[in-house]
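No lab work stands behind these numbers, since they all come straight from the coordinates. Being a predicted model, the structure only gives us computed values, none of them experimental. Neighbour counts are summed over all protein chains in view; Cβ atoms, including those assigned to glycine, are modelled from backbone coordinates with ideal geometry.
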Amino acid sequence: MQTLERDSPGNGPDTQHEFSADDLRETLDEVGICTWSLEPATGRVTMSENCRHVLGVPARCLLDHDAFQAVVHPEDRTTRAAAIRGALERGGRYGVEYRVRQAGGRIRWVRSHGRAELGRDARPVRFRGVVYCIDEHRRAEARLQRMQADLIHVSRLSTMGEMASALAHELNQPLGAISNYAAACDVFLAEPGETQIAAARAALSAAAGQALRAGAIIRRLRDFVKRGETDRRIENVAGLLSDACALAFIGVREQGVDLRIEPGPPSICVLADRVQIQQVLINLIRNAHEAMHDSGRRELTITAAPTQDGMVRISVADTGPGIAASVAKTLFLPFVTTKPNGMGVGLSVSRSIVRAHGGDFWVDRVPGGGAVFHFTLPTVED
Ligand code: ADP
């Protein structure tokens, strides 16, 4: 049974063990935290004994700022130096993560927190802090990122699987047209006069246009399903929307849905992974389309508008029945669905994509009936 601490003669303040500086040092060593101090006047660095254990580098290698910088990974030196300089100039705390190269060449991630105290003349008089290893944390983060990327990819493949028949239909149209133009050429060239040759050339050029159309559909599809590292570039929002909608609208237009796109000012740009934002839009457009299946009025409106706080808000509105009360509170959790064959991952994946881009994702009711999903992305200068 657990014994609770209580006031007793043996536990009173006069017999209580004072927590000394040695105790503190020992505790920090035990939990793997290395302490350091830098003497601002001389630039001398003092590291605690467990430095080798925590950083993999003996304390004697880290005698001053330059010696310390030499073991920091070259790509992280500027960030670390800037954090330290900032604290020394302004006083106060800093926190920075960087990699150190151990004696054997192994790389280790560490986090360093420090605090500089300034004297009356605004010069630093004291600068000290702690360093601890965050390798495990970084590994877990990388694992999580890989799992998220896998989920995003699987969800994309599953969407494409569901869209397969609409895609086949979309591809069949240009292929059918090419075949008709070829048959027409055959007829024109059977009795080649001037008029027939001109007509055959027109048919050939129309066939070439259809082949390009089929090629564009296939290219978009290939980009969409390929697995890749996140690839963020500066994208023009109007271009991003029209590109995303080209794929997302496949099979929607034919079902009597009125589509409207209002892309906002043509100059707005965001830093985004085009394929991932396409995925968010495809999820929202397909959900809206499915929601309006039994509605008398079927209108799908996509708008983009800049906001006051340097973001662009993209909204997908439909005239369906709105969000069912049974899922309203858990809508963005994975595996929440009201569809017999739904997976319930579209919205949760979309929200994590948007958040990873630094934006927000939410849903509103439309007063006359229907749902409107919004997401924001930070804008950048082109
Ligand atoms: P799935 O489409 O596989 O169900 P989602 O995560 O995309 O997965 O959607 C979860 C649920 O959210 C849907 O099952 C549906 O109940 C609801 N939902 C999503 N979009 C809409 C919408 N536009 N109108 C009404 N309900 C919606």
For region 193-274, state which GluC sites (Glu not before Pro) are in a DSSP loop and have at most 12 other beta carbons lying within 10 Å of their beta carbon.
229
Rounded to 0.05, the calculated FRET efficiency for the beta carbons of residue 339 and residue 186 at R₀ = 45 Å is 0.40
Rounded to the nearest whole number, the Stokes-Einstein translational diffusion coefficient of region 281-320 at 4 °C and 1.567 mPa s (Kirkwood radius, C-alpha pairs) in µm²/s is 117 µm²/s
Run the quick spin-label model on residue 290 and residue 261: label points 7 Å from Cα toward the beta carbon, then report their separation in nm to one decimal.
2.3 nm
From DSSP H assignment alone, runs of 4+ in the chain each adding -39500 (n - 2.57), the sum over residues rounded to the nearest 500 puts [θ] at 222 nm at -14500 deg cm²/dmol
Can you give the charge dipole size of the chain about its Cα centre, rounded to the nearest 20 debye, using +1 on the beta carbon of Lys and Arg and -1 on the beta carbon of Asp and Glu?
460 debye
For residue 111 paired with residue 308, estimate the spin-label separation in nm (one decimal), with each label point 7 Å from Cα along the Cα-to-Cβ line.
3.5 nm
Counting only DSSP beta bridges fully inside the chain, the antiparallel percentage to nearest 5 is 90 percent
Report, in whole Å, the centroid distance computed from the Cα atoms of region 168-187 and region 216-239.
28 Å
Checked region 265-382 with the C-alpha gyration tensor, a ≥ b ≥ c its square-rooted eigenvalues, rounded below a/c of 1.5, otherwise prolate if a/b is larger than b/c and oblate if not; verdict prolate
Considering all projection directions equally, how large on average is the shadow of the alpha-carbon convex hull of the chain, in square nanometres?
34.6 nm²
Let me know the shape class of region 207-282, please: from the alpha-carbon gyration tensor, a ≥ b ≥ c as square roots of the eigenvalues, rounded when a/c is under 1.5, otherwise prolate if a/b is greater than b/c, or oblate.
oblate
Region 242-268-region 324-366 distance, computed between alpha-carbon centres (Å)
21 Å
Place +1 on the Cβ of every Lys and Arg and -1 on the Cβ of every Asp and Glu in the chain, take the dipole about the Cα centre, and give the residue among 154, 228, 40 whose Cα lies farthest towards its positive end.
40
Where N is the number of residues in region 335-382, Cα Rg divided by 2.2 N^0.38 Å:
1.42
Rounded to the nearest 0.05, FRET efficiency between residue 201 and residue 143 (Cβ-Cβ, R0 56 Å) equals 0.40
